[in-house]
Amino acid sequence: MIQIKSFTFNDFQENTYIISRNNQCIIIDPGNYYDNENIEIKNFIDSKNFIVNCILLTHCHIDHILGVKYLQDIFNVDVFIPAGEEEMYKSSENIAVLYGLNSYNHFEGVKLLGSENKLSFGDINFDVLNVPGHSQDHRAFFLKDEKACLSGDVLFKNSIGRTDLPGGDYDTLIKSIKNTLFLVGDDVTIYPGHGPLTLVKDEIEQNPFLN
Ligand SMILES: [Zn+2]
């Protein structure tokens, strides 16, 4: 059975997720930045005796990548980023300085997610959705059997991702939500990059940005 553990990290209140099945896990959007956050996520993984399979990023905004280097150093795993956000990822050190995140450490050796629409890591299988608009090549990771979708900063409870950052586009974001993300099914739970969980059905019916 798959389990999803969430943490909320850094000054942006970013949600970091650990997806696990049996003794394996995948870390999605590690935002751990402060020492206590680094210790919290490491202790959780250690306490479960998880083998970390990889680190996966929905997109490369700074608040979603702050913990990549710390965790990669410890667990020595592959880090996958959307191919279309390689340039943004490479500029992360400069962006961190702009935000005053002077303790940011950059991991260079990432691997690129191309056009594959399915990913398998051990016993954990994702459908990969292309949902640009908040950022240029934003992905969502859908656990079909669990009716769970880790969708980064595309859709929030009663809100949507911002589109004023580089690579953002409002019309593209709305299309991604309505024509791609919402097709996962009414009864799917959205695990967003910020804020509480929500159901697709509730956002279709109530989200003020989509009605
Ligand atoms: Zn973002």
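No value in this document is a laboratory result; all are computed from the given coordinates. This one's a predicted model, so the numbers in the text were calculated from it and none came from an experiment. Cβ atoms come from the backbone with ideal geometry, glycine included; neighbour counts cover every protein chain shown.
Counting only residues at least eight positions apart within a chain, or on another chain, the lysines with an alpha carbon under 25 Å from that of K69 are K5, K42, K48, K90, K111. Simple spin-label estimate for K42 and Q3 gives 2.2 nm between the two label positions (7 Å along the Cα-to-Cβ direction from each Cα). A Cβ-based charge dipole, computed about the Cα centre of segment 2-206 with Lys and Arg at +1 and Asp and Glu at -1, lands at about 380 debye.
Quick check for you: which residues of segment 139-175 have the amide N under 15 Å from the point 7 Å beyond the Cα of S120 toward its beta carbon? Under cut-off, by backbone N: 144-145. When M88, M1 are arranged by Cβ crowding within 10 Å, least crowded first, meaning fewest neighbours, the order is M1, M88. In whole percents, the pair-distance distribution calculated for the chain from its alpha-carbon pairs, binned every 5 Å from zero, is 1, 7, 16, 21, 22, 17, 10, 4, 1, 0. At 222 nm, what value in deg cm²/dmol follows for the chain if DSSP H runs of at least 4 each add -39500 (n - 2.57) and the sum is divided by all its residues, to the nearest 500? When only DSSP H runs of four or more count, the value is -6500 deg cm²/dmol. Residues D29, D169, arranged from fewest to most other Cβ atoms within 10 angstrom of their Cβ, appear as D169, D29.
Distances between placed amide hydrogens fall under 5 Å for F80 paired with I55, L56, L57, K111, all partners being 5 or more residues away or on another chain.
Selection among S47, N10, G31 by position relative to the dipole of segment 8-51 gives S47 as farthest towards the positive end (Cβ unit charges, Cα centre). Can you tell me the FRET efficiency between K147 and N102 if r is taken as the Cβ-Cβ distance and R0 is 41 Å, rounded to the nearest 0.05? Once rounded, the FRET efficiency stands at 0.50. The charge dipole of segment 4-58, taken about its Cα centre with unit charges on the Cβ of Lys, Arg, Asp and Glu (plus for the first two, minus for the last two), comes to roughly 360 debye. Computed over the chain with a Gaussian network model linking Cα atoms closer than 10 Å, the most mobile of I18, I95, I27 is I95. About its Cα centre, segment 72-147 has a charge dipole of approximately 160 debye under the convention of +1 per Lys or Arg Cβ and -1 per Asp or Glu Cβ, with nothing else charged. Ranking F156, F141, P166 by Cα position along the charge dipole of segment 2-206, where only Lys, Arg, Asp and Glu carry charges on their C-beta atoms, puts F141 farthest toward the positive end. In plain terms, the residue of V68, V79 with the fewest other Cβ atoms within 10 Å comes first and the most crowded comes last, giving V79, V68. Taking a straight line from the alpha carbon of K201, these lysines sit under 18 Å away, with near neighbours fewer than eight places off in the same chain left out: K144, K147, K157, K175, K178.
Spin-label model, L112 to S159: label points 7 Å out along the Cα-to-beta-carbon direction sit 3.3 nm apart.
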